[in-house]
Amino acid sequence: MASEPTRDEAERAQRRRRWFVVAQVVLTLLVFGVLLAHTDIKALLQAFHKAPLWRIPAVIGVLAVLLLCAAIRWRLLLGAYGAQQPPKLRQLLRLQFIGLFYNMLPGAVGGDVVRGLVTRNAFGERGLSAGLAIVLIERVFGLLGLSLLITSVLAVHPIAKLQLPKGALVLGVLAGIGALLAVAAGRRVANVLPRKLGMLAASLPELASFPLLVAALVMSVVNQTLVGLMGHMLIAPLAPQVAFIDSLVLSPLSFATIFVPITVAGAGARDGAMVWLYGLLGVARESALLASLQILLAYVLVALFGGLLGLLAPLDSGLAPAESKAE
């Protein structure tokens, strides 16, 4: 059994977390400052008047569907790893909304930790470690879905300066299959992995259904497709030259910044990525920045709804096993 951290170690860890949060906030403000310093504010306001406002509620609707798909993927992963008492889909959807609220706060992974903790009962004795591991596997599947979607689209629809070499689609598919198999065999290879990866792999429960694992990967591709749809809905009125198939690559690539939490919820980094990536297709800097800011607004509004859900009822309401409720 691992020894409990000493008081000094706990204080040092807390200081590191505080400095990390401060660095995130400062870097986010710096990135936005640089973006605005190189942006024609007058042109940005003109783009705002040109953009149809009804698109923001529409994007909020797509985001809600995306969270539903994420809840379905979560449910599939719980089933794939043999959760004895998986929460109902509506509870998982509620946790997705609440998790988004915490992920929009400095620190970026608070929502993932919360979701892992409140589903610990699904795995019985190994609930805490298995619940957190499943949430981290979700992140891995998000990256896999991103890679498969982008590789597939670019193989049939090259974008200037983003063209892939011949055979990239085959290599991408093989890499995705390899990653999927690695996740499936996580516990069996835990002893040969680097320490932290090995600990994560060892915490996974035994795989119970490989087809459900594959279905979760398919749902990840669906999620990334919805990200592309959100980006295109806002960029299309401002840049008619951008096709939907272009946004299936450019928008998810921009959102990939959330996987590296150097800024608060990817804000700033995602906006800069959208400006650069859509700029490859001749989209004006101001138009791409406006579309990105509108996406940020949609995320903030949905996250606030998630925060409200968290206030109305305890996080783990409806998630405790039947035996616990009876006691």
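Surrounded by fewer than 21 Cβ atoms within 10 Å (Cβ to Cβ), modelled with pLDDT of 85 or more and on the phi > 0 side of the Ramachandran plot - does that describe any residue in the stretch 298-316?
no
Can we say residue 107 is under 21 Å from residue 22 (Cβ atoms), modelled with pLDDT under 70, assigned to a helix (DSSP H, G or I) and in contact with a helix residue (DSSP H, G or I) (Cβ under 6 Å, 6 or more places away or on another chain)?
No: the conditions fail for residue 107.
Among (1) closer than 19 Å to residue 43 by Cβ; (2) of a type in the set (Phe, Trp, Tyr); (3) surrounded by fewer than 19 Cβ atoms within 10 Å (Cβ to Cβ), where does residue 278 come up short?
(3)
Would you confirm, using the coordinates I've provided, whether residue 217 is assigned to a loop (DSSP other than H, G, I, E, B) and in contact with a helix residue (DSSP H, G or I) (Cβ under 9 Å, 6 or more places away or on another chain)?
In short, no.
Spot the failing condition for residue 183; the list is (1) closer than 19 Å to residue 207 by Cα; (2) modelled with pLDDT of 70 or more, and only one is missed.
Here residue 183 meets the rest and fails (2).
Find all pairs meeting these conditions: Cβ atoms under 9 angstrom apart; at least six residues apart or on different chains; first residue within the stretch 142-163 and outside any helix (DSSP H, G or I); second residue modelled with pLDDT under 85.
Final answer for the pair search is 158/164.
Restricting to the stretch 225-252, name every residue that is polar (S, T, N, Q) and more than 15 Å from residue 274 (Cα to Cα).
Those that are polar (S, T, N, Q) and more than 15 Å from residue 274 (Cα to Cα): 225, 241.
Give me a count of the residues in the stretch 12-68 that are surrounded by 15 or more Cβ atoms within 10 Å (Cβ to Cβ) and not in a helix (DSSP H, G or I).
Summing the residues that are surrounded by 15 or more Cβ atoms within 10 Å (Cβ to Cβ) and not in a helix (DSSP H, G or I) in the stretch 12-68 gives 2.
Residue check, residue 265 against (1) at pLDDT 90 or above; (2) over 18 Å from residue 151 (Cα atoms); (3) aliphatic (A, V, I, L, M); (4) in a helix (DSSP H, G or I), all met but one. Which one?
Here residue 265 clears every test but (1).
Quick one: how many residues across the stretch 268-286 are closer than 17 Å to residue 32 by Cβ and in a helix (DSSP H, G or I)?
Residues in the stretch 268-286 being closer than 17 Å to residue 32 by Cβ and in a helix (DSSP H, G or I): 10 in total.
For the list (1) farther than 11 Å from residue 149 by Cβ; (2) more than 14 Å from the chain's Cα centre (by Cα); (3) assigned to a helix (DSSP H, G or I), I need the number of the one condition that residue 254 fails.
Just one mismatch for residue 254, condition (2).
The values are calculated or read from the model by the stated rules, or taken from the named source; none is laboratory data. Here the structure is a predicted model, which is why all the values come from computation and not from measurement. Reconstructed Cβ throughout: ideal geometry from the backbone, glycine too, with neighbour counts over all protein chains shown.
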